[in-house]
Amino acid sequence: MFDIQEKFFNEVFSVLFEDGAIKNLKSSGGGYSGNNYDFHIPPTEYFNLTKEYNPESNIISHFTSFRNLHSILNSEKIRLYNLLNMNDKTEYSYSIPEKYQGSEKGKREKLFILSGCDISKMRKSEIFKMWNDYGEKGFGVRLELEIQPQPFNRNVFLKNVLYRKFETSNLFKAKESFESKYSIGNIDLLETLIAPCILHKNEQNDLEYETRLVLYDSQFISNPVNCRKMNSPFFEEFSYESKKYCKYYDLKLNDPNEIAKVSINKIELGYAHKGEEKRREKLIFWCLAKQQNLGKIVVTHTDIENIYG
């Protein structure tokens, strides 16, 4: 199997990268059953082969509701939601040929995401849109998060979203040619594509400048029992928006032993809180009470104005 696996990465997987890049591959895995094979690499290994997803900074902005802020501060945790619960139902499958899409659901249920954006790249009108769309029309908050994934966890990464289709047609052509050449029944490479597929979205969203913290838990099974085990970091709740149960990973803030150390540097109140100085002062005292566990948090008002008055 190892001979076939090496040939696969050199002859098929290499079409995704610049010439010679595949020589930097440090680890890979695989398995087989009869004449069918499964070849894959850890998500972080994929990013050793390309730099196009690298964020310029590990500080991102996360817009959320005022109510969610209270939940975050009370619990000292922030959630990474399961990809199956994301608003865009084409996520992940967007870059996969239609005939292979039937088997990708099992991959999506193992992915958990915390989304943010880089507001330093945005005009004020674009930031206002983020407040309107994700910050409760100005009544929510913007959290400035500093994120450092664990360097030894190969299934956690912080990367930029690219607003174009991940071109896989040449890869799947090479795969089918490889299967024919070596008389192989089927090679499942969807797990190999987890990292890039989760980082491509439709170009109509390109002004969001999204950066994602992603956890891929290959052992996670989408079963309510897994969310109810003692000391499990996975939970589920009922969503009144989707009218379905949604699963999430509860990440402890400012914890160096977590999958990623995520710290809140700043809480920025939206434009609908303008003039509510007592509200800001209450948050300041709350953050001071939490400082031992969460570190220093600055509380401010946004300078973005409500353009609709």
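Residues are listed down the side, and each one gets a yes or a no for (1) under 30 Å from residue 40 (Cα atoms); (2) touching a residue at least 12 places away in the same chain (Cβ under 8 Å); (3) touching a Leu at 6+ places or on another chain (Cβ under 6 Å); (4) among the aromatic types (Phe, Trp, Tyr):
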| residue | (1), (2), (3), (4) |
| --- | --- |
| 132 | no, no, no, no |
| 144 | no, yes, no, no |
| 155 | yes, yes, no, no |
| 173 | yes, no, no, no |
Any residue at all in the stretch 34-53 that is at pLDDT 90 or above and under 30 Å from residue 295 (Cα atoms)?
-> yes
Log entry, pairs with first residue in the stretch 261-281 being touching a residue at least 12 places away in the same chain (Cβ under 8 Å), second being in a strand (DSSP E or B) and among the polar types (S, T, N, Q), beta carbons closer than 6 Å, six or more apart or on different chains, reads 261/148; 268/300
Determine whether the stretch 137-152 contains at least one residue that is among the basic types (Lys, Arg), under 30 Å from residue 274 (Cβ atoms) and in contact with an Asp or Glu (Cβ under 9 Å, 6 or more places away or on another chain).
-> yes
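The values are calculated or read from the model by the stated rules, or taken from the named source; none is laboratory data. On a predicted model such as this, the values are computed, not experimentally measured, just so you know. For neighbour counting, all protein chains shown are included, and Cβ atoms are generated from backbone atoms with ideal geometry for every residue, glycine included.
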